[in-house]
There are 2 protein chains.
Amino acid sequence: VLVSTRNPLNIGAVARAMSNFGFSKLRLVNAYEPSFREARSAVGASHILQAAEEFTTVADAVGDCSLVVGTTTGRDRDVSQRMESLEAAAPLIRKHLAGGNVAVLFGSEKRGLSNEDLAHCHWLVRIPTREEHPSMNLGQAVAVCLYEIARAENLGRLTTPASETHATSEQLERLTVVLLEALRASDYIKPHTEAATEDNVRRLIRRLTLNADDAELLLGMLRKIARSLHSEEG
Amino acid sequence: VLVSTRNPLNIGAVARAMSNFGFSKLRLVNAYEPSFREARSAVGASHILQAAEEFTTVADAVGDCSLVVGTTTGRDRDVSQRMESLEAAAPLIRKHLAGGNVAVLFGSEKRGLSNEDLAHCHWLVRIPTREEHPSMNLGQAVAVCLYEIARAENLGRLTTPASETHATSEQLERLTVVLLEALRASDYIKPHTEAATEDNVRRLIRRLTLNADDAELLLGMLRKIARSLHSEEG
């Protein structure tokens, strides 16, 4: 629920964030700029702007909601009202969504929510911004809140990439041998420290945490280099 | 690090989110609109815009960073590159910050990061948006990422000590350049696939998880090899 929003670009940005994070019901109270449907920054979120509902009072806008949460920087708030950090608020909101509608209220760009608006809220939420600069851009504040509320869903939806095959010791040793060969042909290895250098190169290769594909790729490169060094020697 | 950002309002929004969440070093690569200092939506973030640095290449912009993370919707990504969800990425980034600089790259509004940009990244991060509409507004994407990265700080200061110094991007790029030189001198690189091979080598080097000492060690070896290849050519 956006209350007294002034900038249509912000309304568009809010719609876009809603679409990004899977929210659909946008409500506007006392929107300053009725031409919000033209908001251009709402790439791919026109369905949300089309379906947005307009109200003249906060009471009407939150009428069918069983939890109303107000967003605030916490600076001028009435201490009588419970305030939660966004991290603590998100699981409460998700839990509530299972049994009813939840309204999250955002105030105007200049003044935030008024005391009158806040009176409609069950409790308040604060995004943990720096005390020296707590006030966020409206579109960004909405994006951060929706990201956090959608978080649980993300945890289930995540697609972990197939774990990759690590390079075998055999592959690593082949790499070691070819690199040593190239180093020998380039006079990097001095006779009196040869054994120590071999050791160092072998350890280095093992510290690279190569997967099987990368090991083959690197081996191909080093072979080509070693061959080139040899052919020019001969 | 913002790469090829077009809209100065977005640059301002990014600066504002940085200020909200306590980040200060903004870098711009190939900024489309040089008058970004006028960005008006950066309420209270002018100090960040004033201190923002401009670069012409991604390599320069991330030179002193030892971890480079690219943001992506994951749609057209090269499967060879590791990708983490934002939730999994944030603790890794925080841990790394104890031992070195971390760059988080955001691409242009239209196209995101190019394959060339992505080749400079150690791994990629994806904000868990809906598959049907994954692409976020730039300012909102930055806000969500910074919110998540700052999360630990909200929970309490990190106590993990810096274990080892990671190789910087500058070191990795030097390694890349010398290896490419050796591969060119060995005819590993064919003219018609040169760009693709360059990309692949750049990514490979970044997958090696090198620390600073090992990067220097490997660089010394490759330099010797490259020099040897050249001297025999001439």
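The values are calculated or read from the model by the stated rules, or taken from the named source; none is laboratory data. It should be emphasised that the depicted structure is a prediction, and the values quoted were computed from it without experimental measurement. A quick note on method: Cβ atoms are made from the backbone with ideal geometry, for glycine too, and the neighbour counts reach across all protein chains shown. With ligands, DNA and RNA removed, areas are computed over all heavy atoms of the protein, side chains included. Shrake-Rupley method; radii C 1.70, N 1.55, O 1.52, S 1.80 Å.
Among the residues of region B:187-234, those identified as facing another protein chain (nearest Cβ under 7 Å), open to solvent by less than 50 Å² (accessible area, probe 1.4 Å) and either in contact with a Gly (Cβ under 7 Å, 6 or more places away or on another chain) or free of Cβ contacts under 8 Å to residues at least 12 places away in the same chain (or both) are B:204, B:208, B:221, B:228.
Picking from residues in region B:47-80 that are among the polar types (S, T, N, Q) and open to solvent by 70 Å² or more (accessible area, probe 1.4 Å), the one that is modelled with the lowest pLDDT is B:50. Within region A:79-105, being in contact with a helix residue (DSSP H, G or I) (Cβ under 6 Å, 6 or more places away or on another chain) and within 14 Å of chain B (Cβ to nearest Cβ) holds for A:86, A:90. All of (1) acidic (Asp, Glu); (2) facing another protein chain (nearest Cβ under 8 Å); (3) farther than 19 Å from residue B:223 by Cα hold for residue A:170 with one exception: (2).
Scanning region B:107-130 for residues that are away from chain A (no Cβ under 13 Å) and closer than 14 Å to residue B:59 by Cα gives B:113, B:114, B:115, B:116, B:117, B:118, B:119, B:120, B:121.
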